[in-house]
Each structure stands twice: as structure tokens, then as C-alpha cells.
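Below is one structure, written out as C-alpha cells, with a few remarks after it.
The values are calculated or read from the model by the stated rules, or taken from the named source; none is laboratory data. In this text the structure is predicted, and so the values were computed from the model without any measurement. Here the Cβ positions follow ideal geometry from the backbone for every residue, glycine too, while neighbour counts run over all protein chains shown.
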């Protein structure tokens, strides 16, 4: 028996994933211009004001995070590896983001040599350590949806449901590359059909593969109506937390914490087995069945052989401090999300692209 046939991927890997709230009531445009998608990072801690690392707060427009990191390395005359940041941000957006550079005993270079029309320095300070991925409390989003079609009353009801009960916590399309290119390359890597890529590229591909597995499990839970409730044997995650809690019996206290959004059911980010609490009983059976139905058993096994630990991610995403206002034919939204969560998957429950 030969090797399994390679999986085929939709150029939009989220297209076929089910919606949870009855389908979007609106049709319109997101990111008609960069200023319609504004993101501001919320640091995980206050910067110390002293230390070897220079921390810059920058506002960028039409640039991705890697673009800015390369610019900073050239500007300061340091290796690209000396530049740190807490999260990746979209190119088609206006984002306020923090970067760090190791400059022991050196003054900050001339800001005038860094600033351009698409990159502005807002503030700077010092810190004792390099910024690492995930060094965030979250991100604040301000979005403007334009050229809207649909019933405002239905949209209001959908917005209220999103604010109160959340949306499926899918990984966004950005994770999978243009035309699902990251998934295509990840499949070749996991099957041993590709040369080992550079470390940063390898991390990106393995992350895309893990995200795809997670999305397929979450999609199965959405179809079954269990994405926002716990199954027997569920590995629960505290809101904003990383350490799972195994639920063998659903007590009234746990049920109330689930309803309140303090705890969430979780899905897999495959890696080395035994390095993360795994679900049991019905939750484990449902997860295995979803992975099998998507033809991803080989992916899970191959990811387990990589040098990364298994992890869990919440199936449910509840925005914080969510507000909205109607402006002529536009809708302006603002909300906060935890690190690693996507504003586009929240909008997906509310609005279809005008091109669909």
C-alpha cells in the first residue's frame, strides 16, 4: 500500500468552516483601506525604564512585522536576531506595536533616519530583556466595515450575541499563507518530501499545520453544537490562561464558570505527546473522530515527532470591552482580544465579504 494521497486545500482555508451563529447577517468590505483596520498592542508588563534593550513603540501602515524588524536591524546596525517583538501584525492595517533591540551601552540612533510616511516612532524606553512572542495581554482593535448590505436589526442581534457569548476561536486565514501556500508547504515538510527549511520558515509551517488541525477539530465541534460547552473528559482552559484543567465531572461550579466565560473547552495543537494535558472520554473520542474525518492522523503523528510540545487552545473566543456604532453605510467596531486571536474570525460571524 503506497503513501496516502496529499490533501487538497481551498485557497481560502476558512471558506468551508461552519459559522456558529446562524450565518452572517451582513455583506460588505473589511480593510477597504488600511485605516479601517487599526490594532494597538497591550503589553504584558510595564517596561522597566532601564536595561540593555531599547524598546520602541512604533506605528506602521502597510508594513508587516518582519518588514519593520529588518528596517530596525539596518537602522541600529544589529543582527536581525537582536530585534524582538511580541506578536505578528497584518500588513493591510494601521498598527501600534512594540519592538526591542539589544543595544548595551549605546544611545538610540537618530530617529530621523528611521521614520518614514509608513513608520512613525511614538515613544521609546529601556527594558531588561528582549521582547518575546506572546509578551502581550492582548490587542485592541478598531475596525470599520463599509458598503454594507443587510438588515441592521439582525446585525444588532448578532453583535449582542457575539459580545455576550463569543465566536469560534478559529485561526485566521493569515496563518495559512496566500492561497493556502503554508499548508501546501507544511504537508510536504511533514511527509518528508521537502528539504528542511530555515528555522523561522520551519516554525511558520509547523504552526500552520497545527492551526489547521485545530480548525478542523473546532469545525466538528461547531457542527455538533459543542464548541461552547464542555464534554465529559474535556481539557478546560481558563480565560486568558494556558494550563488545562481536566473535567471528569461537570459540577455546578464548573458549569457556572463555563457560562460566565471564565473557562472554555479546548482543542489540540499537536506536538510531542505527554507534554500537555490531553482530553479523555467523550471529548477525546470526538477529537480523534474529527482528526480522522479530516484525514489528518498522519499530520498529528508527524507533528508529534517534531521538537515542539503539544498544547491546547480555547475553542471559544469572547471579546472584551466590545462596542459598536453605525456611521452612514459603515459600522465601526472596537474590542480587545487575547494574544493569538483573530479579529477577522469575529467579523466572519457578522459579515460576508462583498465578493462572495
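The table below gives the values:
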{"read-out": "Which numbered condition residue 298 misses (of (1) farther than 24 Å from residue 210 by Cβ; (2) touching a residue at least 40 places away in the same chain (Cβ under 8 Å); (3) surrounded by fewer than 21 Cβ atoms within 10 Å (Cβ to Cβ))", "value": "(1)"}
{"read-out": "Of the criteria (1) within 30 Å of residue 22 (Cβ to Cβ); (2) in contact (Cβ under 8 Å) with a residue 24 or more places away in the chain, which one residue 323 fails", "value": "(2)"}
{"read-out": "Unique residue being out of contact with any helix residue (DSSP H, G or I) (no Cβ under 9 Å at 6 or more places or on another chain), under 27 Å from residue 89 (Cβ atoms) and not in a helix (DSSP H, G or I) when the list is 163, 132, 203", "value": "132"}
{"read-out": "Inter-residue pairs, beta-carbon under 7 Å, first at positive phi and in contact (Cβ under 8 Å) with a residue 40 or more places away in the chain and in region 45-57, second in a strand (DSSP E or B) and surrounded by 13 or more Cβ atoms within 10 Å (Cβ to Cβ), 6+ apart", "value": "49/125; 49/126; 51/126; 51/127"}
{"read-out": "Enumeration of residues in region 218-229 that are crowded, with 23+ Cβ neighbours inside 10 Å and assigned to a helix (DSSP H, G or I)", "value": "218, 221"}
{"read-out": "Those residues of region 21-46 which are crowded, with 20+ Cβ neighbours inside 10 Å and in a loop (DSSP other than H, G, I, E, B), in sequence order", "value": "24, 25"}
{"read-out": "Qualifying residues in region 47-72 (those that are within 19 Å of the chain's Cα centre (by Cα) and within 21 Å of residue 337 (Cα to Cα)) - the one surrounded by the most Cβ atoms within 10 Å (Cβ to Cβ)", "value": "65"}
{"read-out": "Some residue of region 170-192 being under 25 Å from the mean Cα position of the chain (by Cα), closer than 30 Å to residue 223 by Cα and part of a strand (DSSP E or B)", "value": "no"}
{"read-out": "Subset of region 325-340 [surrounded by 19 or more Cβ atoms within 10 Å (Cβ to Cβ) and either in a strand (DSSP E or B) or modelled with pLDDT of 95 or more (or both)]", "value": "331, 333, 335, 337"}
{"read-out": "Flag for residue 279 being buried (at least 21 other Cβ atoms within 10 Å of the Cβ) and over 28 Å from residue 40 (Cβ atoms)", "value": "yes"}
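Quick grid of which residues meet (1) more than 16 Å from residue 69 (Cβ to Cβ); (2) in a loop (DSSP other than H, G, I, E, B):
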| position | (1), (2) |
| --- | --- |
| 81 | no, no |
| 90 | no, yes |
| 95 | no, no |
| 100 | no, no |
| 105 | yes, yes |
| 109 | no, yes |
| 126 | yes, no |
